[in-house]
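Quick notes on the structure that follows.
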Amino acid sequence: MTSISDIRIAPSILSADFADLGKEVQAIDKAGADYIHVDVMDGHFVPNITIGPNVVKALRPHSAKTFDVHLMISPVDPYIDAFADAGADIITVHPEAGAHVHRTLQSIRARGLKAGISLNPATPIDIVKNVIDLCDLVLIMTVNPGFGGQSFIPLIDKIRDAKAIIDTVDHPVDLQVDGGITPETAPIAKAAGANVLVAGTAVFRDGPDGYAKNIKAIREA
Ligand code: DX5
Ligand code: ZN
């Protein structure tokens with residue numbers, strides 16, 4: 001079980017006010033976010049379209065916190081440089097998005113960024129074994145990607161299996177869980193080994209005055 005002090009909270013700006021994203025990023029930074037989780041969607045890999053590298057570039061000056069960029073796009077390789085240039089600190093990619101995730105992770109690291117692999121709910125965890133040496137983050141999706149506000153899919157064994165694979169390497173690897181994280185589901189993810197919790201709806205639902213309280217509630221759940 002990850003202790004409270006080791007838990008990092010990554011609010012997903014998918015649930016933020018898209019008419020005021022710079023202010024929203026400042027607000028969650030001030031409210032105690034550890035990472036800024038940026039959900040990039042292309043309407044092809046997932047049935048939704050959000051933002052691109054130009055928006056990430058525009059948001060970069062609004063926070064010095066880690067920009068944790070989750071690419072739900074296919075193909076992904078043509079855009080790694082654009083997101084790296086825009087100021088991403090972590091780029092997380094899906095193996096389901098293309099044929100060469102090993103090479104994609106290498107290309108992210110070659111840019112001096114942290115590399116993450118994210119698995120859709122049905123994708124077996126075993127794929128991570130072949131690339132864990134290239135990963136700084138493993139992201140277990142506990143919703144089908146594309147939208148915020150969905151219910152947590154309790155993939156507890158999968159999170160545990162991810163932790164077991166992470167424990168086989170010497171370098172630090174974050175175990176991130178993303179989707180349906182609330183004060184009710186956070187303890188389940190933490191008990192299974194997660195140390196980074198992504199939350200959109202549960203952070204943004206009460207407006208800026210509630211961000212600090214909501215982040216705290218998830219962290220301490
Ligand atoms: C879903 C995204 C998640 C989502 C989380 O495709 O990757 O990051 O925004 O939103 P909630 O916390 O509302 O499930
Ligand atoms: Zn995400």
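The values are calculated or read from the model by the stated rules, or taken from the named source; none is laboratory data. As the structure is a prediction and not an experimental result, all values here were calculated from the model. A quick note on method: Cβ atoms are made from the backbone with ideal geometry, for glycine too, and the neighbour counts reach across all protein chains shown. Accessible surface is based on the protein model in full, side chains and every heavy atom, while ligands, DNA and RNA are left aside. Shrake-Rupley method; radii C 1.70, N 1.55, O 1.52, S 1.80 Å.
Just to be sure, is ALA189 under 19 Å from ASN120 (Cβ atoms), open to solvent by less than 40 Å² (accessible area, probe 1.4 Å) and in a loop (DSSP other than H, G, I, E, B)?
Values: under 19 Å from ASN120 (Cβ atoms): yes; open to solvent by less than 40 Å² (accessible area, probe 1.4 Å): yes; in a loop (DSSP other than H, G, I, E, B): no.
For ALA189, the condition - under 19 Å from ASN120 (Cβ atoms), open to solvent by less than 40 Å² (accessible area, probe 1.4 Å) and in a loop (DSSP other than H, G, I, E, B) - is not met.
Restricting to region 193-206, and then to whatever is surrounded by fewer than 22 Cβ atoms within 10 Å (Cβ to Cβ) and at pLDDT 95 or above, can you tell me which residue is farthest from the chain's Cα centre (by Cα)? Let's see the steps before the verdict.
Looking only at region 193-206, we keep the residues that are surrounded by fewer than 22 Cβ atoms within 10 Å (Cβ to Cβ), and these are 193, 195, 201, 205-206.
Now restrict to residues that are at pLDDT 95 or above: 193, 195, 201, 205.
Working: GLY193: 16, ASN195: 12, THR201: 14, ARG205: 19 Å.
For region 193-206, the residue satisfying everything is ARG205.
Could you grab me the full set of residues in region 9-25 that are open to solvent by less than 20 Å² (accessible area, probe 1.4 Å) and acidic (Asp, Glu)?
Residue satisfying the conditions is GLU24 alone.
Listed residues VAL46, VAL69; which is within 16 Å of ligand 2 (Cβ to nearest atom) and in contact with a Pro (Cβ under 8 Å, 6 or more places away or on another chain)? Please lay out each step first, then the result.
Numbers: VAL69 fails: in contact with a Pro (Cβ under 8 Å, 6 or more places away or on another chain).
Just one listed residue meets the conditions, VAL46.
Tally the residues that are outside any strand (DSSP E or B), out of contact with any helix residue (DSSP H, G or I) (no Cβ under 9 Å at 6 or more places or on another chain) and either within 18 Å of PRO124 (Cβ to Cβ) or within 16 Å of ligand 2 (Cβ to nearest atom) (or both), restricting the search to region 165-181.
Of the residues in that region, 1 qualify.
Applying the selection to region 72-107, what residues are within 16 Å of ligand 2 (Cβ to nearest atom) and hydrophobic (A, V, I, L, M, F, W, C)?
MET72, ILE73, VAL76, PHE83, ALA88, ILE90, ILE91, VAL93, ALA97
If a residue must be over 15 Å from VAL198 (Cα atoms), within 16 Å of ligand 1 (Cβ to nearest atom) and of a type outside the set (Asp, Glu), how many such residues does region 1-30 contain?
Looking only at that region, the number is 2.
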